[in-house]
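Visitor: Before anything else, here's the structure in question.
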Amino acid sequence: MIWLWLREGKPFYWGIGGGIALALYGVFATFQTFPSFGRVYAAYGGVFVVLSVLWGWGIDKKTPDLYDWIGAGICLIGVSVMLLAPRQ
């Protein structure tokens, strides 16, 4: 919504709504109590990067270049390390 307000000329209240949504999203994370939430949240970020590249390719018709794919791959490797590493 912020993007639409800044780049696409939507009314200012779109930006305000987007800002509120982002703030609530951030605050929501602080209420999580299970001990591995930070790790799961970080892994979600890596998956989000990959899905963003795919969204841009499929919906926005912006073909990812080699560096987009390399970056997405690095994110998936990072997610795998965080989630699959042997721990005690």
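Visitor: Keeping to region 52-64, report how many residues are among the aliphatic types (A, V, I, L, M) and either touching a helix residue (DSSP H, G or I) at 6+ places or on another chain (Cβ under 8 Å) or modelled with pLDDT of 95 or more (or both).
Guide: 2
Visitor: Further, regarding this structure: Quick one: which of Gly73, Gly46 is at pLDDT below 95 and assigned to a helix (DSSP H, G or I)?
Guide: Gly46
Visitor: What do you reckon, is Tyr67 assigned to a helix (DSSP H, G or I), touching a helix residue (DSSP H, G or I) at 6+ places or on another chain (Cβ under 7 Å) and among the hydroxyl-bearing types (Ser, Thr, Tyr)?
Guide: Working: assigned to a helix (DSSP H, G or I): yes; touching a helix residue (DSSP H, G or I) at 6+ places or on another chain (Cβ under 7 Å): no; among the hydroxyl-bearing types (Ser, Thr, Tyr): yes.
In short, no.
Visitor: Condition first: of a type in the set (A, V, I, L, M, F, W, C) and assigned to a helix (DSSP H, G or I). Now tell me which residues in region 31-43 satisfy that. Before the answer, list the steps.
Guide: Of all residues in region 31-43, those of a type in the set (A, V, I, L, M, F, W, C) come to 31, 34, 37, 40, 42-43.
Passing the criteria: Phe37, Val40, Ala42, Ala43.
Visitor: List the number of the failed condition for Trp3; all other conditions in (1) surrounded by 12 or more Cβ atoms within 10 Å (Cβ to Cβ); (2) touching a residue at least 12 places away in the same chain (Cβ under 8 Å) hold.
Guide: It fails just one condition, (1).
Visitor: Within region 6-20, count every residue that is surrounded by 12 or more Cβ atoms within 10 Å (Cβ to Cβ) and either at positive phi or touching a residue at least 12 places away in the same chain (Cβ under 8 Å) (or both).
Guide: Number satisfying all stated conditions: 5.
The rows are residues; the columns are (1) within 28 Å of Met1 (Cα to Cα); (2) touching a Phe, Trp or Tyr at 6+ places or on another chain (Cβ under 7 Å); (3) outside the structural domain of Met1 (by TED's automatic domain parsing); (4) of a type in the set (A, V, I, L, M, F, W, C).
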{"site": "Tyr25", "(1), (2), (3), (4)": "yes, no, no, no"}
{"site": "Tyr41", "(1), (2), (3), (4)": "yes, no, yes, no"}
{"site": "Tyr44", "(1), (2), (3), (4)": "yes, no, yes, no"}
{"site": "Val47", "(1), (2), (3), (4)": "yes, no, yes, yes"}
{"site": "Leu51", "(1), (2), (3), (4)": "yes, no, yes, yes"}
{"site": "Gly58", "(1), (2), (3), (4)": "yes, no, yes, no"}
{"site": "Thr63", "(1), (2), (3), (4)": "yes, yes, yes, no"}
{"site": "Ala72", "(1), (2), (3), (4)": "yes, no, yes, yes"}
{"site": "Gly78", "(1), (2), (3), (4)": "no, no, yes, no"}
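The values are calculated or read from the model by the stated rules, or taken from the named source; none is laboratory data. Here the structure is a predicted model, which means the values were calculated and not measured. Reconstructed Cβ throughout: ideal geometry from the backbone, glycine too, with neighbour counts over all protein chains shown.
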